[in-house]
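One structure below.
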Amino acid sequence: MTSDGLTSQQKRMALRWQRYVSPIRPSKGMVELYEKNIGIVIKNKFEYVWGLLGCTPEIRSIAGKYQAKITCIDRNPDAFYAFKTICEPSKYESFICSDWLSLNLDEMFDIVLGDGAMSMLPIEEHGTFLKNIHKIIKPGGYAILRIHTIVPLPFDSPKKIFDWYRNKNDITPIFSTLWDYLYSLWLNLDTLNVSHNVFLSKLLEVYKAGLINLEELEKLITDNDYSVLVQYSRKEIFEKQISGFFQIESVDYAGDYPLHRNHPIYFLRKK
Ligand SMILES: C[S@@+](CC[C@H](N)C(=O)[O-])C[C@H]1O[C@@H](n2cnc3c(N)ncnc32)[C@H](O)[C@@H]1O
């Protein structure tokens, strides 16, 4: 146990999240969009019950502002305890340890939120995921999901990505700043994800081409969590998949980082 009551594994998770920037973490613009949509749903109904897919600290802090009844649903309890120390959660927060693909809950929530939850699942599982999420929402309830889609990229070559990174006004960690830009560029257009081998071999190519130095190469390799799948989808595939379950209230983009068009926030109402 560390001094803040976390195991060393949980402490590592909390530190890792603090080193990350958007778009791995929700950007300021995304947090505002979550707040806008949540505000539309709850109006003055503070008794509403929220479900969170995962343990995203930024969303738990929004629930903290409302002192909402929020349940984080994650297959890894460490994420719940680790991220509790880096947000301002609601005192009515609880945790359910479950896989989203085998949820055994019924119409529990007025609103379900997921920041990049679906992108952690292989595309073949997206239908099951959406069916399960639909099932846990009360009739007439809502879902707010940030998803990872493919759209024309702001930077269509590694050189443009690294040039942008070097010309930015603020210095941010190279891996968490650029990871999504590089993955989006190196996607296999059949599987809509990037294998680890492709990621590593492409990084070596950019190193050999002189676009990054050895220290940056090492950071890009070692800061990646290779246990995490990042599955992209296409807008048309996603909208077809949700059409039986949800009606779209709005689709918003955070607008505060170049890749924001890849990360729509869908505000959905249960059919
Ligand atoms: C909500 S996700 C999103 C992270 C980040 N916002 C992003 O875009 O990459 C992170 C959490 O999902 C959890 N997770 C991944 N797959 C899961 C599954 N099938 N069932 C339950 N939890 C899952 C992980 O344990 C992790 O704590």
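The values are calculated or read from the model by the stated rules, or taken from the named source; none is laboratory data. As the structure is a prediction and not an experimental result, all values here were calculated from the model. For neighbour counting, all protein chains shown are included, and Cβ atoms are generated from backbone atoms with ideal geometry for every residue, glycine included. The area values use the complete protein model at the heavy-atom level, side chains included, leaving out ligands, DNA and RNA. Shrake-Rupley method; radii C 1.70, N 1.55, O 1.52, S 1.80 Å.
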Self-check item: Under 5 Å, built H, 5+ apart or other chain: amide partners of SER250
Solution: PHE267
Quiz item: Measuring from label point to label point, each 7 Å out along Cα→Cβ, what is the ASN167 to HIS196 span in nm?
Solution: 3.5
Quiz prompt | Order of exposure, largest accessible area first, which applies to TYR266, TYR165 with probe 1.4 Å | solution = TYR165, TYR266
Quiz item: With charges only on Cβ, +1 for K and R and -1 for D and E, what is the dipole size of the chain about its Cα centre, in debye, rounded to 20?
Solution: 420
Quiz item: So for the chain, taking the charge dipole from beta-carbon charges (+1 Lys/Arg, -1 Asp/Glu), which of ALA14, ASN197, GLY210 sits furthest toward the positive end?
Solution: ALA14
Quiz item: Within the accessible area of the chain, what % is carbon and sulfur when the probe is 1.4 Å and the other protein chains stay in place?
Solution: 53
Quiz item: With every protein chain present, what accessible area does TRP164 have (1.4 Å probe, heavy atoms only), rounded to the nearest 10 Å²?
Solution: 60
Quiz item: For the modelled label position 7 Å from the Cα of LEU204 along Cα-to-Cβ, which residues of segment 156-186 have backbone nitrogen atoms closer than 18 Å?
Solution: 186
Practice problem: Treating only the Cβ atoms of Lys and Arg (+1) and Asp and Glu (-1) as charged, compute the dipole magnitude of segment 182-271 about its Cα centre; round to the nearest 20 debye. | Solution: 500
Exercise. Pick out which of LEU113, LEU101, LEU178 has the largest mean-square fluctuation in a Gaussian network model of the chain, springs linking Cα atoms closer than 10 Å.
Key: LEU101
Quiz item: Once amide H atoms are built 1.01 Å from N in the peptide plane, which residues 5 or more positions from LYS138, or in another chain, come under 5 Å H to H?
Solution: MET108, PHE109, ASP110
Quiz prompt | Average accessible area per residue (Å²) across the chain - probe 1.4 Å, nucleic acids and ligands excluded | solution = 47
Self-check item: Computed lengthening from LYS160 to TRP186, 0.36 nm per intervening residue step minus Cα-Cα distance
Solution: 8.0 nm
Self-check item: Long-range HN-HN contacts of GLN231 with modeled amide H, under 5 Å
Solution: MET120, LEU121
Quiz item: Excluding ligands and nucleic acids, what accessible area in Å² is computed for LYS28 using a 1.4 Å probe, to the nearest 10?
Solution: 150
Quiz item: In nm, to one decimal, how far is the modelled label at ARG234 from the one at ASN213, with both set 7 Å along Cα→Cβ?
Solution: 4.2
Quiz item: Most fluctuating residue of ALA254, ALA143, ALA209 in a GNM of the chain with Cα springs under 10 Å: which is it?
Solution: ALA209
Practice problem: For n ≥ 4 DSSP H runs only, could you compute -39500 (n - 2.57) per run for the chain, divide by its residues and tell me the 222 nm figure to the nearest 500? | Solution: -12000 deg cm²/dmol
Practice problem: List the aspartates and glutamates whose Cα lies under 15 Å from the Cα of LYS208, skipping any in the same chain that are fewer than 8 positions away. | Solution: GLU216, GLU218
Self-check item: Value of relative contact order over the chain, rounded to a whole percent, pairs C-alpha under 8 Å and six or more apart
Solution: 21
Self-check item: Entries in LYS69/LYS271; LYS28/LYS135; LYS45/LYS65; LYS43/LYS138; LYS84/LYS135 that, when Cα-Cα distance is taken, lie over 20 Å
Solution: LYS69/LYS271; LYS28/LYS135; LYS84/LYS135
Quiz item: Mind checking which of GLU88, GLU236, GLU216 has the largest fluctuation in a GNM of the chain, springs on alpha carbons under 10 Å?
Solution: GLU236
Quiz item: Normalised by the residues of segment 1-151, what does the relative contact order come to in percent, with Cα pairs under 8 Å and at least six apart?
Solution: 22
